[in-house]
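What follows is calculated from the coordinates using simple rules that are stated; it is not laboratory data. Keep in mind the model is a prediction, meaning the values are calculated, not measured. Neighbour counts are summed over all protein chains in view; Cβ atoms, including those assigned to glycine, are modelled from backbone coordinates with ideal geometry.
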Amino acid sequence: MELSQEAHHLIVRHVGTRKDLVNLCRVSKRFQQEAEKALYDTLHLRGHSRTIEICQLLASTPRLSSLVDALSIFVVDDGSDDEDVPVPDDYWDCVAGALQQTTRLRFLSVYFEQAEDTSQAWVLNQCTFQLQTFHCDFEWDDHLLTFLHSQSNLTDLHLADYRSNASTAPSNDMPLLPKLSILECTFSEAAMALSPGRPITRVKTCFSHSQIDEKRTELHDLLTKLRQSRRSLRALDMADEAYTEEFSLELLTSTVETFSHSSNLRYFGTLVLPVETKQRLEFYATLMRLHRLQCVELEVSEWDPPPMTPAALRALTFELRIYCPTVCRVIFVYDFDRVVMKREKLAKAIIHKPPYCSGILPVPQVEDLVIFYGKGKEGRRLDVTHASSDDLQHLSQTCEAATFGMDQEDVLDETYRKAGKLDSTNFAVKLDLDSLGLLEAVRSDLLDGRKAQENVHAELYKLNVYGEGSFFKSHKDTPRSTKMFGSLVVVYPTVHKGGALTMSHEGESWTFDSGEIFAGHNDARIGYVAFFSDVDHEVTLVESGYRVTITYNLYFVDSPVHIPLAPSISPAGKEFKSAFLALLADPTFLPNGGHLGFGMRHVYPLENKPKGKDVLRYMKRCLKGSDADVLRVCEELSLKVELNIMFKDRGEIVMLRKDPKLEGKQLDMDDGLCEYLCHRYKAREVDVELQWVTSLTELNIQKSSFIAYGNQAELSHAYGHIALIVRVGKLGARTTRRAVTSDPSNTKT
């Protein structure tokens, strides 16, 4: 059977090395097409001979040069110990030939790492591509200016040189860089020339003068030009050859006075943090007038001793946030060292509930610990509480070698898992999980909020025997249906050493050592561990004895709970609620209201959702652990909370409250994904303050493949990140949740 184009694409996507991609090109024409896309999509050219070789190939092979989307050229010869190796005579001719053929190039970077002649912008003369990002170390000349005049889609520009030898002002005939929003330049004169009339939102530049009077004039002129940008400034990073407390405070004061009435500034640097307390308080009093500031970069090189210990940095961060509570990240600079301090209190209150529960339960009737097992016509009865070593050995020998799930298949590999197993058709147990209260314990200890009200069904799955030398390396359990949320492992009271169950999730780990628990005890009881399906877990090496377990798959079922439970929040959720209430009462926390973002902390089997059901509606019903805590607490506090799917493209973000279902469609995307989604779903553009409490994760990315029509038809992919977005009202009116809402369903930020 011939593989589909998508199958070829997926195979190529998972190939690890460029060497393997080259080998795939020889397998078939279809593999060649997909492998060449992967090989030539992004190129980093370093070394004179290597650069010449690749550029000649691109110039002579339009099929390959048309695949290049991102190109970085490092003008340095890595093949010589001599730092002053001259550039070969044909080097720039080869680069020019390649650039003329890379018609679909969007990202171009040219770096001069040695003392070279940078007046080489003529190589851009006959280029037809439209860039989005351009890192340019070329000398500023007429060739470069002519090229920039041709770039109507450029949004991100880095300039190493600038001369005011030609007009950069926008004109009706040929506007220069009409979409430019991010500008990094060595000379502030470039920022002054390029900011007016363009949608500049982020600027990083340097003072050109060193005399204090000249710098004051330069600062005044720069801020005046920045105010003429078509959009509000969000980030300003000013470098200075000599940082002083006095001029740093002037820089801060002038910026605040320039933008105080319409400030959207989120990032500001680099400022000198005063050493003396009185001056520092004056600094904070000025800084706190930037009501939306989220990140500030502070120079502390003149401090003696340097405040670079963790305790000192935490103390300074805490001190700053007393006056500037919106700041969630502080970057401290000492000489060439940079340390980033982030706000973590609220995030810590959310995340750290263990995604498992465990315990020991007494078994009132010893007969309940009997196991019946056998294959074919032979059957056997095993009383675990009185089982001899020979009895357990017979059980182990009756078992088959245990497999494990990988990519929806059962795999046998005793270097990864060595254990015995019996399927549920070959054994029976007398344990009644309901009468023991085990399912009730799992529901109340593992689940939170609404999920703690749902009925849990435990499906008997496997019996496993781990004898001496057995183990199971770290893995995740494969969900067997949309309703399956975890696993329950019941450990019988047999004598064994080793075989501990170790679980890990998001950098933390926990261990349930049944061998140690049962050592020295011969009473009738069982150990149990229940955990979510996305938890990594392993069984350590069994050193002696036999570890006997029964595994159940845990499902939500539609029938009501036998013993009704009041809606509850977990202990970790109560800690989060307490921290959240304190923040809401703080008059400096989002005084004008805003939005908080929470990245998802658990994996959900979204590929198993019922056909046609919206992924966000489905996912909201399946939230677990700390994700469920956030939802439940926000609802209790009457805060509007919704699952959003977020798409990023060309520097913009679109948040949707339902899945756009792009898979397999043919879409006209001449203006990009975000513009298409905004038009399709009638999204409104808003300038909202969105602070991320926990960052977006890669756990539940929604990938869609579709045919995009622009200049030509091509296979494209969209990646949607899912997050909980909480709307917080202004001080004195924090609640935002209503029974009926008329808000538009989609938002573009």
Checklist entry - Residues of region 188-203 with amide nitrogen under 19 Å from the 7 Å Cα-to-Cβ point of residue 163? => result 188-194
Checklist outcome for this item: Here the residues of region 294-325 lying in the modelled label zone of residue 237, meaning backbone nitrogen under 19 Å from a point 7 Å along Cα-to-Cβ, are 294-301
Checklist outcome for this item: Distance in Å, no decimals, from the C-alpha centre of region 17-37 to the one of region 382-432 is 43
Next on the checklist: Test of understanding: what is the full-extension gain from residue 403 to residue 735, defined as 0.36 nm times their sequence separation minus their Cα-Cα distance?
Outcome noted: 114.3 nm
Checklist entry - Full extension from residue 635 to residue 581: what is 0.36 nm times the residue separation minus their Cα-Cα distance, to one decimal in nm? => result 18.2 nm
Next on the checklist: To make sure I understand, if each residue's beta carbon is the centre and we count other beta carbons within 10 Å, what order do 620, 377, 278 fall in, fewest to most?
Outcome noted: 377, 278, 620
Checklist entry - Can you sort 589, 336 by how many other beta carbons sit within 10 Å, fewest first? => result 336, 589
Checklist entry - Taking region 279-346 on its own, what percent of its Cα-Cα pair distances exceed 17 Å? => result 39
Checklist entry - How would you classify region 228-328 from its alpha-carbon gyration tensor, with a ≥ b ≥ c the square roots of the eigenvalues: rounded for a/c under 1.5, else prolate if a/b is greater than b/c, otherwise oblate? => result prolate
Item to check | Computed E for residue 38/residue 411 - FRET, C-beta separation, R0 30 angstrom, nearest 0.05 | outcome: 0.65
Next on the checklist: At a threshold of 8 angstrom on Cα-Cα distance, excluding pairs fewer than six apart, so keeping six or more, what relative contact order does region 351-560 reach in percent?
Outcome noted: 29
Next on the checklist: At R0 = 25 Å, how high is the FRET efficiency between residue 323 and residue 701 if r is their beta carbon distance? Nearest 0.05 is fine.
Outcome noted: 0.05
Checklist entry - Calculated FRET efficiency, residue 315 and residue 113, Cβ-Cβ r, R0 45 Å, to nearest 0.05? => result 0.65
Checklist outcome for this item: Simple spin-label estimate for residue 523/residue 23, 7 Å along Cα→Cβ, in nm, reads 6.0
Checklist outcome for this item: When 287, 10 are ranked with the fewest other C-beta atoms within 10 Å first, the list becomes 10, 287
Next on the checklist: When a/c reaches 1.5 or more, the comparison of a/b and b/c decides; with that in mind, is region 351-560 rounded, prolate or oblate per its Cα gyration tensor?
Outcome noted: rounded
Item to check | Sequence-distant residues sharing a close amide H with residue 486 (under 5 Å, placed H) | outcome: 533, 554
Item to check | Stretchable slack from residue 377 to residue 340, in nm (0.36 nm times residue separation minus alpha-carbon distance) | outcome: 6.5 nm
Item to check | Inter-probe distance in nm under a simple model that places probes 7 Å from Cα toward Cβ, at residue 435 and residue 277 | outcome: 7.1
